[in-house]
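Asker: Handing you a structure now.
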There are 4 protein chains.
Amino acid sequence: MIIKIDEYSDVPIYMQIRNQIVMGISSGDLAPGEQLPTVRALALEMGINTMTVSKTYQLLKQEGYIFTDRKNGARVRETINKSGTVSDENKNELKRIVSESRLSGVSKEDLVKLIDEFY
Amino acid sequence: MIIKIDEYSDVPIYMQIRNQIVMGISSGDLAPGEQLPTVRALALEMGINTMTVSKTYQLLKQEGYIFTDRKNGARVRETINKSGTVSDENKNELKRIVSESRLSGVSKEDLVKLIDEFY
Amino acid sequence: MIIKIDEYSDVPIYMQIRNQIVMGISSGDLAPGEQLPTVRALALEMGINTMTVSKTYQLLKQEGYIFTDRKNGARVRETINKSGTVSDENKNELKRIVSESRLSGVSKEDLVKLIDEFY
Amino acid sequence: MIIKIDEYSDVPIYMQIRNQIVMGISSGDLAPGEQLPTVRALALEMGINTMTVSKTYQLLKQEGYIFTDRKNGARVRETINKSGTVSDENKNELKRIVSESRLSGVSKEDLVKLIDEFY
DNA sequence: GTGGTCTAGACCACG
DNA sequence: GTGGTCTAGACCACG
């Protein structure tokens, strides 16, 4: 799985990595139980500091996506909490995206197509 | 139109206001040509710095949502650029939201319902 | 409010500070809405790194005890989430403490007295 | 007596085992004089490193909960030191737990009930 | 002035 | 070998 940093983005590096790992888990690129690269390996590969990667792993751990194990490093959790609901923050974001897209002349059908594509 | 700041949110104040104005334009709460409150008036009303409101208006202007003229202050543009496409940033955000929601056990249908509701 | 670090403790510094702030909020030493020292001030006062204090504030923020505001720094939240239940982790800890104390010959009444004192 | 490791917990494995053995002694599941499994046996049974179990037994021995002799391996001590007091560390922990629970809206009575249940 | 992010580098406990 | 913590120092966005 390839992780790419957009250095011009306003999204902090540790969050960009976090987002891509979450998307990787969702798409199946990262299977349950699969080991993530070590903090050092990922930092080296991406040319960033280990602290930054560490921050990402701490966040993913706290969110329940991964767990760490001193023997095996970081691994994807087998069972991820299924609340069954979209978080309030994500609802707000979604509303913003729909509003902006609508103003840009995007049809509802095109948005649904994107949902279809990403799901 | 009422603008509400979430003081606990990580989203900067100027961006929260920007987002709510864009959503207001999209929903029709703010009609094309309608005048926005002056920077001073809005800052006073919301108990925030004028610099913050000014930043919001600058951004909205630059994004093509509003225009300013010396006589009438800031007004909603009559014609907003209709690219007909979802911006790359919004596509990325949408993908992230879909991934997270999917992992939380949200069905595709529920996401489509939200699009329906917000559009 | 005075925060003291035990440099011989196994509990990380950022967690020791976090614990003392939580206890300060619970006891009323830190009132709702009250401003915490700035990251820099606290770091200087305690002779530790700003990053360490920053980690504490991030944690307290994520746990819902405080919020940060670029104008006013970090402040105690007015409303803290009331689940009404003891967390599983705290239950486990409590069970461990009760077991150890019991083996040391501490009576149930003495433990209840401590609860009384700390509540 | 069954020992269970929570692989998602931040508590080190050797400490999780230690805690469960102490709670086992307190509850009577492990009687005074009773023999504990050998380091090898327990490590094999739990699928962990012998070094980890060894560390647990060293700690329990140093704390005065068990003793070892070459012939019979590790056994629960007949007489455990009865200081009659709660250790400073446990007092601190208890205070932290009470503070957090109180802030979560847990009543004093509910905490006392837990003491009652665990004692 | 404030918190947030990041680097380069170090040391430590766990296993 | 692994993640976790910490330092000293820097720069940035927000307000």
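The values are calculated or read from the model by the stated rules, or taken from the named source; none is laboratory data. Small disclaimer: the values here were computed from a predicted structure and weren't measured. Don't worry about glycine lacking a Cβ; one is built from the backbone with ideal geometry, like all the others, and counts go over all protein chains shown.
Asker: Hand me the list of helices (runs of 4 or more DSSP H) wholly inside the range C:17-103 holding 3 or more residues that are free of Cβ contacts under 8 Å to residues at least 60 places away in the same chain and more than 12 Å from DNA strand F (Cβ to nearest atom). Break it down stepwise before answering.
Answerer: Numbers: elements: C:39-46, C:50-62, C:88-103.
Counting at least 3 such residues, we get C:50-62, C:88-103.
Asker: Taking into account only those residues within the range C:69-94 that are acidic (Asp, Glu) and more than 10 Å from DNA strand E (Cβ to nearest atom), which is farthest from D:Lys113 (Cα to Cα)? Working first, answer last.
Answerer: Taking the range C:69-94 as the starting set, the residues that turn out to be acidic (Asp, Glu) are C:69, C:78, C:88-89, C:93.
Applying the additional criterion that residues be more than 10 Å from DNA strand E (Cβ to nearest atom) yields C:78, C:88-89, C:93.
On the way: C:Glu78: 29, C:Asp88: 15, C:Glu89: 17, C:Glu93: 15 Å.
The qualifying residue farthest from D:Lys113 (Cα to Cα) is C:Glu78.
Asker: Please pick out the residue among A:Lys71, A:Lys82 that is modelled with pLDDT under 95, touching a Ser or Thr at 6+ places or on another chain (Cβ under 9 Å) and on the phi < 0 side of the Ramachandran plot.
Answerer: Numbers: A:Lys71 fails: touching a Ser or Thr at 6+ places or on another chain (Cβ under 9 Å).
Answer to the check: A:Lys82.
Asker: Would a scan of the range C:52-68 turn up a residue that is facing chain D (nearest Cβ under 10 Å), basic (Lys, Arg) and either within 14 Å of DNA strand E (Cβ to nearest atom) or surrounded by fewer than 15 Cβ atoms within 10 Å (Cβ to Cβ) (or both)? Spell out how you get there, then give the answer.
Answerer: Pass one, the range C:52-68, residues facing chain D (nearest Cβ under 10 Å): C:63-65.
Within this subset, residues satisfying the condition of being basic (Lys, Arg) are none.
Looking for residues that are facing chain D (nearest Cβ under 10 Å), basic (Lys, Arg) and either within 14 Å of DNA strand E (Cβ to nearest atom) or surrounded by fewer than 15 Cβ atoms within 10 Å (Cβ to Cβ) (or both), one finds none in the range C:52-68, hence no.
Asker: Taking the conditions exactly as written (within 11 Å of DNA strand E (Cβ to nearest atom) and within 18 Å of the chain's Cα centre (by Cα)), does A:Ala43 satisfy them or not? It would help to see each step written out before you state the result.
Answerer: Numbers: within 11 Å of DNA strand E (Cβ to nearest atom): yes; within 18 Å of the chain's Cα centre (by Cα): yes.
It is true that A:Ala43 is within 11 Å of DNA strand E (Cβ to nearest atom) and within 18 Å of the chain's Cα centre (by Cα).
Asker: Quick check: anything in the range A:91-104 over 27 Å from D:Asp10 (Cβ atoms) and modelled with pLDDT under 95?
Answerer: Filtering the range A:91-104 down to residues over 27 Å from D:Asp10 (Cβ atoms) leaves A:91-104.
Filter once more, so that each one left must be modelled with pLDDT under 95: none.
No, there is no match, as no residue in the range A:91-104 is over 27 Å from D:Asp10 (Cβ atoms) and modelled with pLDDT under 95.
Asker: Same structure again: Quick one: would you say C:Arg18 is basic (Lys, Arg), out of contact with any strand residue (DSSP E or B) (no Cβ under 7 Å at 6 or more places or on another chain) and within 14 Å of chain D (Cβ to nearest Cβ)? Talk me through it step by step, then tell me what you get.
Answerer: Values: basic (Lys, Arg): yes; out of contact with any strand residue (DSSP E or B) (no Cβ under 7 Å at 6 or more places or on another chain): yes; within 14 Å of chain D (Cβ to nearest Cβ): yes.
Taking the combined requirement at face value, the residue satisfies it.
Asker: Now for a separate question. Can you pull out the residues in the range D:23-61 that are out of contact with any strand residue (DSSP E or B) (no Cβ under 7 Å at 6 or more places or on another chain) and among the hydroxyl-bearing types (Ser, Thr, Tyr)?
Answerer: Step one: list which residues in the range D:23-61 are out of contact with any strand residue (DSSP E or B) (no Cβ under 7 Å at 6 or more places or on another chain), which gives D:23-24, D:26-29, D:37, D:39-56, D:58-59.
Across the range D:23-61, the qualifying residues are D:Ser26, D:Ser27, D:Thr50, D:Thr52, D:Ser54, D:Thr56.
Asker: Among the residues of the range B:85-111, write down those that are in contact with a Ser or Thr (Cβ under 7 Å, 6 or more places away or on another chain) and basic (Lys, Arg).
Answerer: B:Arg102
Asker: If you go through the range C:47-79, how many residues are touching a Pro at 6+ places or on another chain (Cβ under 9 Å) and closer than 16 Å to B:Glu7 by Cα?
Answerer: Total satisfying the criteria: 8.
Asker: Considering the range D:69-95 alone, what residues qualify as being within 14 Å of chain C (Cβ to nearest Cβ) and in contact with a strand residue (DSSP E or B) (Cβ under 8 Å, 6 or more places away or on another chain)? Spell out the reasoning first.
Answerer: Keep residues of the range D:69-95 that are within 14 Å of chain C (Cβ to nearest Cβ), which gives D:76-95.
D:Val76, D:Arg77 - these are the residues of the range D:69-95 that are within 14 Å of chain C (Cβ to nearest Cβ) and in contact with a strand residue (DSSP E or B) (Cβ under 8 Å, 6 or more places away or on another chain).
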